[in-house]
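Student: The structure is given below, and queries will be raised subsequently.
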Amino acid sequence: MCQEILCQHDGDDRPSPRPPKGPNRRAFLRTAGLAGAGVAGATALGVEVVSPAVAAELRDGRQAASARSGAGTWNPDPDRPRFTLAVMPDTQFLYWGSQGSVNPEPQEESFRYVIANSTSESNIIFMAHLGDMTEDAQASSFGYVGKAFDILDEQGVGYSVLAGNHDVSGDDIRGTTPYLQTMGPQRFKKSPTFAGSDASGYNTAHIFRAGGREWLLLAMDWRTSAAGFAWASKFIADNPTLPVILTTHEIIGSTYDDNVYPYQSGDPENDAAFSGYGQTVWDSLINENDQVFLTLNGHYWPPGRMTAQNAAGNDVHLHITNYQNRYFGGGAMLRLYHFDMTRNTIDVETLSPWALTRPPQQRNVLAAQEARLTTAVDRFAVPIDFERRLVAPATTIGLATTTALVKSARPASSVLVPGTLAYWRFDGGGANGTPVAAGTAIRDRSGHGNDLSTLVTVPGSPDTALTWSSDHAPSQPGHGSLYFDGGQSPLRGAYFTTGASAPLNTETFASGFTFEVYVKIPLDWNSSDNAWMAVLSRWGESAQAGKQGQNTDPDEPIATLSFSNGREPQWNIYPLNLTYPTTNWGQGLPEDTWWHVAVVNDGKHTIMYIEGCPTVDNPTLIKSTGITQLALPWALGGYEYGGSINQVFHGWVGDVRIANRPLPVSEFMLYR
């Protein structure tokens, strides 16, 4: 382990400059007027130069944020694969009541920012305070602190707090204090994210849903007793499927100096070390609990980070963030951890809402310098393989994304949301790798009689053209699939169709629809043989349905979910209200990976989703109602052109569900 930091105060100085390195440039999409939208450049003093129009937007944002009602409504999306954890370090210098110095405005501004950006691209879903809430631990100071936090409570914001050395003394068996009386467990009795506390009340647990799964955040005391550590370890053990973020006031401190501006370290990815107490926290709690993947602490300055390997040999990312030595005691700066589950990255940025919500020309020189910090210790990216790192031992549940953790199989009844017309799954059909026998039918688990009752094999195809498989998507309800070994050169394979009298054949979906499929494309896929294979299609050509006009192909099916020569999913249908097709596109899907693809129509427009994320190419300017029908079957794995089979799917198909209404993402099979 790294050597102990020999710090006798809230800071330690060791210089070593290095050019800053920031996160991916696509990572941060900010709302105008909050994170410096429209920045054109900077003066030597750091004052941002913006256009008059942007300055006006900033001014409007400031005016709106000044009133508590202007913060908006707390309403994050817990199932979006991108979300943000907001972190607020030491705010002690804002609350020094015994000296008559109380300045809650910066913290209140940050709270309003958290609320306002819960519904933005940031999707702020939880906020963690890292302690030292006051300078003097006095009841009068905590009275002001509690009033500021009322802003979060009034909106039902999920947040955690913990005590620092300026809030309390001794360890967590100290008994009652103004901190505990104001910010103890009783404050969270109505919070949906509060999961419990130890007997002392100083150590608390919080469970929040984000990225389609649940996360555990432990907020530990400034000095935790053996009993407190035992409580935390048991809480982790009792929740073995939850990845854990540990927050406390002190674990690591930086090993470089902060005597130059801007502050830079020699090795920004390894510029910190354990303090004496931090080593105790590691030995007593972190090292043996592999679910802990990230720790956050304040206390020391300047900011820094390091990575250590736990007893299981896995990385634990340890970060210190503290700006109390900066202008206005740090101005209640926020460290924003932007989790991107699809990119396997946590993008980190540091900003001051208190400064940013003021027009640039109204910021003083020091506030301008602190508005947004961009050095390598303040703005950076943390690569993390979520799928591998967050898998807990034994049974695991969780991520409903491409980095999904394996969920237990769920019964069909749990997947039958209202409006389900057909639900096909393939577990229990046959041993892995064995052929699907002639005459086999796939029962519709919805009970509506839309069975896949006809198995069609292209003449000359081998017995292995269609086989049972135990392979399945991690988030898939049914733990099984069909493996289609089809292709076009030469034409070969096998596929299923619904029966001639299946109700699904005449369904028009006039009020909307949701089609969901799990697919995996094999490594031997190639465009010359497998392009435009369909996982699902509706028999009948567009000419038969009387369709004509732009982009109309008279021989193509009236509805199909196919894959292009670039493995791009394409949903092409002929709606009831149009004589020509509407088409939705997704991005090219990598091979050898399970994907959940969904198309949702609300009676007017259709959106395609990959892993619960909307794709970019959707015809939102064209009204599309329903799907044309010719009372002909639907096919799974087959594609007709000009009335004849033209292509057969190559790859795995997992659970398929069709509903006659638009489902919200939260009701996708990913999350059921």
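The values are calculated or read from the model by the stated rules, or taken from the named source; none is laboratory data. These figures come from a predicted structure and were not determined experimentally. Glycine gets a Cβ as well: all are built from the backbone with ideal geometry, and neighbour counts include every protein chain shown.
Student: What pairs can you find where one residue is in the range 562-574 and in contact (Cβ under 8 Å) with a residue 60 or more places away in the chain, the other is crowded, with 21+ Cβ neighbours inside 10 Å and of a type in the set (A, V, I, L, M), and their Cβ atoms are less than 8 Å apart, with a gap of 6+ or different chains?
Tutor: Ser562/Met533; Ser562/Ala534; Ser562/Val535
Student: Where the second residue is part of a helix (DSSP H, G or I) and at pLDDT 95 or above and the first is assigned by TED's automatic domain parsing to the domain that holds Asn660 and buried (at least 20 other Cβ atoms within 10 Å of the Cβ) and lies in the range 510-533, which pairs have Cβ atoms under 9 Å and are six or more apart or on separate chains?
Tutor: Correct list of pairs: Ile521/Asn530.
Student: Moving on to the next point. Return yes or no: is Trp282 under 19 Å from His319 (Cβ atoms), of a type in the set (Phe, Trp, Tyr) and crowded, with 24+ Cβ neighbours inside 10 Å?
Tutor: No.
Student: Of the numbered conditions (1) surrounded by 24 or more Cβ atoms within 10 Å (Cβ to Cβ); (2) closer than 27 Å to Asp198 by Cβ, Arg174 satisfies every one except a single condition; which is it?
Tutor: So Arg174 meets the others, but not (1).
Student: Which of (1) farther than 30 Å from Ser265 by Cβ; (2) modelled with pLDDT of 80 or more; (3) crowded, with 16+ Cβ neighbours inside 10 Å is the odd one out, the single condition Val382 does not satisfy?
Tutor: (1)
Student: Kindly check whether there is at least one residue in the range 287-303 that is more than 30 Å from Asn103 (Cα to Cα) and touching a Cys at 6+ places or on another chain (Cβ under 6 Å).
Tutor: Checking the range 287-303: not a single residue is more than 30 Å from Asn103 (Cα to Cα) and touching a Cys at 6+ places or on another chain (Cβ under 6 Å).
Student: Thr593 - would you say it is assigned by TED's automatic domain parsing to the domain that holds Val653 and under 22 Å from Tyr495 (Cα atoms)?
Tutor: It is true that Thr593 is assigned by TED's automatic domain parsing to the domain that holds Val653 and under 22 Å from Tyr495 (Cα atoms).
Student: How do the strands (runs of 3 or more DSSP E) wholly within the range 421-504 filter down when requiring 1 or more residues that are more than 16 Å from Gly638 (Cβ to Cβ): which remain?
Tutor: 466-469, 481-485
Student: From (1) out of contact with any Lys or Arg (no Cβ under 9 Å at 6 or more places or on another chain); (2) more than 24 Å from Ser489 (Cα to Cα); (3) modelled with pLDDT of 90 or more; (4) part of a loop (DSSP other than H, G, I, E, B), pick out the condition that doesn't hold for Lys623.
Tutor: Every condition holds for Lys623 apart from (1).
Student: Name the residue, out of Glu121, Glu57, Glu135, that is modelled with pLDDT under 90 and either outside the structural domain of Ser160 (by TED's automatic domain parsing) or in contact with a strand residue (DSSP E or B) (Cβ under 8 Å, 6 or more places away or on another chain) (or both).
Tutor: Every option except Glu121 fails the conditions.
Student: Return the residues of the range 479-523 that are closer than 16 Å to Arg657 by Cβ and aromatic (Phe, Trp, Tyr); say none if nothing qualifies.
Tutor: If the condition is that a residue be closer than 16 Å to Arg657 by Cβ and aromatic (Phe, Trp, Tyr), then Phe496, Phe509, Phe513, Phe515, Tyr518 are the ones that fit.
Residues are listed down the side, and each one gets a yes or a no for (1) under 26 Å from the mean Cα position of the chain (by Cα); (2) at positive phi; (3) in contact (Cβ under 8 Å) with a residue 40 or more places away in the chain:
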| position | (1), (2), (3) |
| --- | --- |
| Pro106 | no, no, yes |
| Glu109 | yes, no, yes |
| Val114 | yes, no, yes |
| Thr119 | yes, no, yes |
| Asn123 | yes, yes, yes |
| Ala128 | yes, no, yes |
| Asp132 | no, yes, yes |
| Asp136 | no, no, yes |
| Ser141 | no, no, yes |
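Student: Could you pull out the residue among Thr295, Thr307, Thr342 that is of a type in the set (Val, Ile, Thr), in a loop (DSSP other than H, G, I, E, B) and in the same structural domain as Asp221 (by TED's automatic domain parsing)?
Tutor: Thr342
Student: Additional query: Filter the range 309-330 down to the residues that are buried (at least 18 other Cβ atoms within 10 Å of the Cβ), more than 14 Å from Pro243 (Cβ to Cβ) and at pLDDT 95 or above and list them by number.
Tutor: If the condition is that a residue be buried (at least 18 other Cβ atoms within 10 Å of the Cβ), more than 14 Å from Pro243 (Cβ to Cβ) and at pLDDT 95 or above, then Leu318, His319, Ile320, Thr321, Asn322 are the ones that fit.
Student: For the range 500-518, indicate whether the set of residues that are more than 25 Å from Pro664 (Cα to Cα) and among the charged types (D, E, K, R) is non-empty.
Tutor: So far as the range 500-518 goes, no, none of its residues is more than 25 Å from Pro664 (Cα to Cα) and among the charged types (D, E, K, R).
Student: Being more than 23 Å from Phe126 (Cα to Cα) and assigned to a helix (DSSP H, G or I) is true for just one of Ala376, Ala367. Which residue is that?
Tutor: Of Ala376, Ala367, the one residue that is more than 23 Å from Phe126 (Cα to Cα) and assigned to a helix (DSSP H, G or I) is Ala367.
Student: Okay, next question. Could you grab the pairs with beta carbons closer than 8 Å, sequence gap of 6+ or different chains, first residue in the range 592-616 and under 17 Å from Gln570 (Cβ atoms), second one assigned to a loop (DSSP other than H, G, I, E, B) and among the acidic types (Asp, Glu)?
Tutor: Close Cβ pairs (under 8 Å, with a partner that is assigned to a loop (DSSP other than H, G, I, E, B) and among the acidic types (Asp, Glu)) amount to Trp595/Glu611; His596/Glu611.
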